[in-house]
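Some notes on the structure that comes next.
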Amino acid sequence: MASNIEIQYPEQFNKIKDLGFDTVEIRDLEPNLNLDFHFHPFTACMYIIDGEVKIEDANKNKYHLKKGDFISVEGDDFHNEKTLSKGAKVIYGKKFNSNRLNNLDIVNSSLNDLYLGDNNKFIFYVTKTPVSYILYLTLYKQYYSEEWHSQEEIINLVPRLYGSRSTIINLINEGINAGYILKRITSSDKRSVYYELEFNIYKAIDEWIIKRKAFFKNLINK
């Protein structure tokens, strides 16, 4: 995909790469997209090829981007995104913080090992059972993989050895009631929902994984 972008849009591609973005891709944003305030664990940029995109940040700064416009949003900055009735076609770039490049490997290792226990109240809640461990790390993983799972997909990701369907649904609802999990409804299909982590529990897991990464590094170097 990157090679096609480089050929079709060499000026924009080179600009984004020169700014240090690791991933460059073309995205088609659906018509009437209305993403509520959210954040990314990476710096994101967007060049408008066609259509219009409206972005507002947490400081109430509003940007109405049209064909030829470019914007960069720092990691962890809250913002929303909207398109008009025609949608938009954009060149999208992602740049991860160098300290977080291996977080997906650590998450996958943690999911496989099912390591339990920590003194942090959030992490204690996350790791109290295998089901909660898998659920919360799967929700955390979404921010890096950008694959957002529906309730049904999450249920199917948890082995039945660890918990029944009703157990998983109850845990999701418990997390929603505790304010740890946020329920989102997609703009294209009001019947379709997905889940994401509340910011504080995301940060707690993020810091915990960074500490685990340092632990594994020290372990390997011994």
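For the condition in contact with a strand residue (DSSP E or B) (Cβ under 7 Å, 6 or more places away or on another chain), closer than 26 Å to Thr83 by Cα and among the β-branched types (Val, Ile, Thr), Ile172 does not qualify.
Here Lys66 meets the list (1) basic (Lys, Arg); (2) under 17 Å from Ile210 (Cβ atoms); (3) at pLDDT 95 or above almost entirely, failing just condition (2).
Looking across the range 38-91, the residues that are within 19 Å of Glu25 (Cβ to Cβ), under 22 Å from the mean Cα position of the chain (by Cα) and not in a strand (DSSP E or B) come down to His40, Pro41, Gly75.
When restricted to residues that are small (Gly, Ala, Ser) and surrounded by 14 or more Cβ atoms within 10 Å (Cβ to Cβ), the range 40-71 contains 2.
The values are calculated or read from the model by the stated rules, or taken from the named source; none is laboratory data. Note that the structure is a prediction, hence the values are computed from the model and not measured. Neighbour counts are summed over all protein chains in view; Cβ atoms, including those assigned to glycine, are modelled from backbone coordinates with ideal geometry.
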